[in-house]
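Trainee: Encoded as structure tokens, here's the structure I'll be asking about.
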Amino acid sequence: MDHRTPNLIDPAAARRGFSWTAARDELTGLPDGGLNVAYEAVSRHAAGPRAHAEALRFVRADGRRHSVSYRQLDDRMRRFAARLRSIGVGKGDVVCTLLGRQPELYVAALGALARGAVFCPLFAALGPEPVEARLARGHARVLVTTERAYRTKVAPARERLPDLRHIVLVDDETSWSAFQADPSAGDEIEGTSADDPALLHFTSGTTGAAKGALHGHAVVIAHHTTGRWVLDLRPCDVFWCTADPGWVTGTCYGIIAPLVCGATLLVDEGGFEPRRWYSVLRDESVTVWYTAPTAIRMLMKAGPDLLPTGGFPKLRHVASVGEPLNAEAVQWGAEALGRPVHDTWWQTETGAICIANLPAEPLVPGSMGRPIPGIEAAIARREGAHLIIEDAPDSEGLLVLRAPWPSMFRTYVYDEARYRKCFADGWYITGDRARRDAEGRFWFVGRQDDLIKSSGHLIGPCEVERTLMAHPAVVDAGVIGKPDPVAGEIVKAFVELHAGVTPDESLRRDILAYARRRLGPAVAPKELKLTDALPRNRSGKILRRVLKAQEVEQGDVG
Ligand code: WT7
């Protein structure tokens, strides 16, 4: 077979004949019939012909490389799991990481999963407030982080986090080496079932604090299926996922899926820099690339001069996720990279890719593609407590998915009521609006709520407003996503000051800096406007929609 022939040659036939039971049978499974993500991702390869193949390849900021084989990764994650057991961390206990893309993160994530604990990544650029909210909400028991992140973001809140019993500091030799000291006894993989909780991912809500979407070990079935069929992964591939492992894409497709498929996962420890990214793509012989529309647009903006001569001869497939992928970005991929960018759609709650432009199907730029085999998607509208499915082609409405599928979230932790509200008549309501054309392709229309999508990150306006209101000069705040040609949206805040406070530039800067300190650069507003009065409805609720409409209008004229 030509190496460019996709894994899934006939998607239409696969959709007809697909069953998730058969998909599960393609994994190895535990001897007692159980299922464990870490076992499928690492141990089964470590015990087979891929034992000495490269599982992880780290490209450090200075360009040096560090490789870890499947056998080595298996040994390290088992040591981590053994240590968790000896300190009494068991099935269902939450293990968080607050780390950048460094080797210890991967060992901790897989070690926690092997132990049967719940792995919960926290993005390293979150500030102390979102970190505390997530540790508290998840009742985190163990936190793996750096000395500096602990001191600045966690230590001040420690007494409010009684469940947090163990801190593992990766840059403290004694602390980390204790988690690598216990040798493997061979029985570190907990006998988890497909329904036992495995992953906890926090995602922003429109009201209140972040919600914790919980997934079972069954996610690995969907990661394997979508890894092969959507990302076209195979054991010989060098796969690069640019999403940070502190977010859902960076865990599901930046750790689990490529390993389950037996590929080599490339981890770039450096930051975004067009020249560097091109050199990683070319010099590391990346064959499959999964990235975000914002990143593609940043490369487009950097101009063609930085593109290496000779292009990217090894690159076979490019896909993106997280925000709308404009047709120009698809086309740019075809010209600059030699491969068009394939849009994929999913969300934290769905646990894996649900709708995609599959490599074997003709690509229609601007469309998110079709539901993958095993997923039924539809357009619906609400009627009271029920959903009416709109079958007519091109009708716009709520994007809904037939429940359940293996990677569907199992609950929002400690908020079952909110979870139940996401379902009606056997459908999961995604919160997105979309359109389906006559060929069954889905087109993204927008979100149903006020959540902000900035560089692919979902940000809850409430979390930002609450922090702004804690500033002594601020009475009230309204936060919106302001359209931005590269990032999709940027966080913009409007604040109303206490009577008598002078609204000057130094105060404006002070409030911005205050928000940035507490929320971290990924969540804090990029722009802030002081205003006399925020638009409110009769009951006093701030009308974010009005703020947004004003902003869009001004953007049009300016
Ligand atoms: C929301 C989910 C999927 C993992 C990344 C973030 C938006 C996602 C697309 C796409 C337009 C998209 C949706 C979705 N989104 N993919 N291909 N086109 N919008 O997961 O943070 O839970 O965000 O991202 O609005 O609901 P998340």
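The values are calculated or read from the model by the stated rules, or taken from the named source; none is laboratory data. As the structure is a computational prediction, the values presented were derived from the model and not from experiment. Cβ coordinates were reconstructed from backbone atoms using ideal geometry, including for glycine residues, and neighbour counts include every protein chain displayed. When the accessible area is computed, the model is the full protein with side chains, heavy atoms only, and any ligands, DNA or RNA have been set aside. Shrake-Rupley method; radii C 1.70, N 1.55, O 1.52, S 1.80 Å.
Trainee: Check region 323-333 and report whether any residue there is open to solvent by less than 10 Å² (accessible area, probe 1.4 Å) and more than 16 Å from the ligand (Cβ to nearest atom).
Mentor: no
Trainee: Moving on to the next point. Restricting to region 10-42, count the residues that are more than 28 Å from L281 (Cα to Cα), among the small types (G, A, S) and outside any loop (DSSP other than H, G, I, E, B).
Mentor: 6
Trainee: Quick check on this structure: which one of I511, I490 is closer than 24 Å to T294 by Cβ and among the aliphatic types (A, V, I, L, M)?
Mentor: One residue alone meets the criteria, I490.
Trainee: Being closer than 24 Å to V37 by Cβ and out of contact with any Phe, Trp or Tyr (no Cβ under 8 Å at 6 or more places or on another chain) is true for just one of R234, R297, R275, R316. Which residue is that?
Mentor: R234
Trainee: Consider only pairs whose beta carbons are under 7 Å apart and that are at least six residues apart or on different chains; among these, list those whose first residue lies in region 174-195 and is farther than 24 Å from L35 by Cα and whose second residue is part of a loop (DSSP other than H, G, I, E, B) and open to solvent by less than 40 Å² (accessible area, probe 1.4 Å).
Mentor: Cβ pairs passing all conditions: W176/V170.
Trainee: Can you tell me which residue in region 446-476 is farthest from the ligand (Cβ to nearest atom), limited to those that are closer than 17 Å to L543 by Cα and of a type in the set (V, I, T)?
Mentor: V475
Trainee: Can you say whether V286 is touching a residue at least 60 places away in the same chain (Cβ under 8 Å) and either assigned to a loop (DSSP other than H, G, I, E, B) or among the hydroxyl-bearing types (S, T, Y) (or both), as far as the supplied structure shows?
Mentor: no
Trainee: Counting just the residues of region 289-304 that are under 26 Å from G227 (Cβ atoms) and outside any helix (DSSP H, G or I), which one comes out farthest from the ligand (Cβ to nearest atom)?
Mentor: Checking each candidate, the answer is W289.
Trainee: Additional query: Which count do you get for residues in region 51-72 that are among the hydrophobic types (A, V, I, L, M, F, W, C), surrounded by 13 or more Cβ atoms within 10 Å (Cβ to Cβ) and in contact with a Gly (Cβ under 8 Å, 6 or more places away or on another chain)?
Mentor: 2
Trainee: Search region 444-470 for residues that are in contact (Cβ under 8 Å) with a residue 24 or more places away in the chain and of a type in the set (A, V, I, L, M) and pair each with any residue that is near the ligand (Cβ under 8 Å from one of its atoms) and in a loop (DSSP other than H, G, I, E, B) when their beta-carbon atoms are under 6 Å apart and the residues are at least 6 apart or on different chains.
Mentor: Sorted first by the residue in region 444-470, then by its partner, the pairs are L451/S204; L458/S204; L458/L451; I459/S204.
Trainee: Still on this structure, I have one more. Within region 202-248, work out how many residues are open to solvent by 10 Å² or more (accessible area, probe 1.4 Å) and over 30 Å from R137 (Cβ atoms).
Mentor: 6
Trainee: Also: Which of (1) out of contact with any strand residue (DSSP E or B) (no Cβ under 9 Å at 6 or more places or on another chain); (2) within 20 Å of Q550 (Cβ to Cβ) does S506 not meet, given it meets every other one?
Mentor: Going through the list (1) out of contact with any strand residue (DSSP E or B) (no Cβ under 9 Å at 6 or more places or on another chain); (2) within 20 Å of Q550 (Cβ to Cβ), S506 breaks only (2).
Trainee: Please count how many residues of region 347-390 are closer than 16 Å to A434 by Cβ, open to solvent by 40 Å² or more (accessible area, probe 1.4 Å) and part of a strand (DSSP E or B).
Mentor: 5
Trainee: Which of the residues that make up region 228-254 are of a type in the set (A, V, I, L, M), within 11 Å of the ligand (Cβ to nearest atom) and not in a loop (DSSP other than H, G, I, E, B)?
Mentor: V248
Trainee: Among the residues of region 156-172, which ones are β-branched (V, I, T) and in a strand (DSSP E or B)?
Mentor: Passing the criteria: I167, V168.
Conditions (1) closer than 29 Å to W332 by Cβ; (2) within 16 Å of the ligand (Cβ to nearest atom); (3) not aromatic (F, W, Y), marked per residue:
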position: S367; (1), (2), (3): yes, yes, yes
position: P371; (1), (2), (3): yes, yes, yes
position: E383; (1), (2), (3): no, no, yes
position: D391; (1), (2), (3): no, no, yes
position: S407; (1), (2), (3): no, yes, yes
position: R418; (1), (2), (3): no, yes, yes
position: E439; (1), (2), (3): yes, no, yes
position: F444; (1), (2), (3): yes, yes, no
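Trainee: Another question, if that's okay. Restricting to region 301-342, what's the tally of residues that are touching a residue at least 60 places away in the same chain (Cβ under 8 Å) and under 18 Å from V280 (Cα atoms)?
Mentor: Residues meeting the conditions: 4.
Trainee: Does D432 fit the bill of being out of contact with any Pro (no Cβ under 8 Å at 6 or more places or on another chain) and open to solvent by 30 Å² or more (accessible area, probe 1.4 Å)?
Mentor: Considered against the rule, which asks whether it is out of contact with any Pro (no Cβ under 8 Å at 6 or more places or on another chain) and open to solvent by 30 Å² or more (accessible area, probe 1.4 Å), D432 comes out as no.
Trainee: Among the residues of region 305-315, are any touching a strand residue (DSSP E or B) at 6+ places or on another chain (Cβ under 7 Å), modelled with pLDDT of 95 or more and within 16 Å of the ligand (Cβ to nearest atom)?
Mentor: The answer is no; no qualifying residue exists.
Trainee: Now for a different question. Give region 493-526 a look and list any residue that's part of a strand (DSSP E or B) and open to solvent by less than 20 Å² (accessible area, probe 1.4 Å), or say none.
Mentor: Within region 493-526, A493, F494, V495 qualify.
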